[in-house]
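*Asks:* To start, I am sharing the structure in question, which I have written as structure tokens.
Laboratory data are not the source of any read-out in this text; all were calculated from the coordinates shown. Being a predicted model, the structure only gives us computed values, none of them experimental. Backbone-built Cβ (ideal geometry, glycine too); neighbour counts: all protein chains shown.
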Amino acid sequence: METMSNYILGILKRNPFIALSWGVHSFTAIADNNGLSFTVNGFVFKGNVQIVYNDGNDLFDVIIGKEKYTGIYMDELVSFIDRKIEKDCDDNQYQEKVNDWFMKEAIEEFKGYFADEE
């Protein structure tokens with residue numbers, strides 16, 4: 001029988017580009033085998049996220065930092081988390097954030113090439 005942590009990980013893997021945009025890492029099964037914990041490095045939130053299956057109502061509870069959200073449907077799980085940790089704006093504004101971040105990273109990388117020559 002598949003563990004709940006693997007099941008949740010499978011849900012995240014159905015949208016790999018979204019989950020990867022969170023800078024997700026350090027996946028850990030929650031001790032009672034009823035959920036998954038991981039760390040993110042998103043635009044909106046950086047820190048620990050827990051997804052716990054609530055078998056009483058067949059929905060998921062999501063804990064992002066100190067905030068707890070209950071009653072999340074499986075088919076809404078990834079988009080819900082994405083809005084809380086990565087994309088709190090419309091698509092155009094998000095694209096601007098990504099472009100700004102990319103340019104900042106590219107400039108820092110470019111500076112690194114010349115720092116060694118000084």
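*Asks:* For the range 30-118, run through the chymotrypsin sites (Phe, Trp or Tyr not before Pro) and keep only the ones in DSSP coil with at most 13 other Cβ atoms within 10 Å of their Cβ.
*Replies:* Filter output for the range 30-118: TYR73.
*Asks:* Cut-off under 20 Å on the C-alpha distance; same-chain residues fewer than 8 positions from LYS111 excluded. Which aspartates and glutamates are left, in chain and number order?
*Replies:* Cross-link targets: ASP100.
*Asks:* Let me ask something else. Tell me the mean residue ellipticity at 222 nm calculated for the chain from its helices only (DSSP H runs of n ≥ 4, each -39500 (n - 2.57), averaged over every residue, nearest 500).
*Replies:* The helix contribution divided over the chain gives -13500 deg cm²/dmol.
*Asks:* Cross-link candidates for LYS87: which lysines have Cα within less than 28 Å, leaving aside residues fewer than 8 places away along the same chain?
*Replies:* LYS13, LYS46, LYS66, LYS68, LYS97, LYS104
*Asks:* Using just the Cα positions, wrap the chain in a convex hull and report its mean projected area in square nanometres, one decimal place.
*Replies:* Result: a mean projected hull area of 9.5 nm².
*Asks:* Exposure proxy check: GLU96, GLU86 ranked by fewest other beta carbons within 10 Å? Before the final figure, lay out the partial values.
*Replies:* Working: GLU96 11, GLU86 22.
By the 10 Å Cβ count, ascending: GLU96, GLU86.
*Asks:* Are there trypsin sites (Lys or Arg not before Pro) in the range 1-83 that DSSP puts in a loop and that have at most 16 other Cβ atoms within 10 Å, and which ones? Intermediate values should be presented prior to the final figure.
*Replies:* Numbers: sites: LYS13, ARG14, LYS46, LYS66, LYS68, ARG83; in loops: ARG14, LYS66.
Sites meeting the loop and neighbour criteria: ARG14, LYS66.
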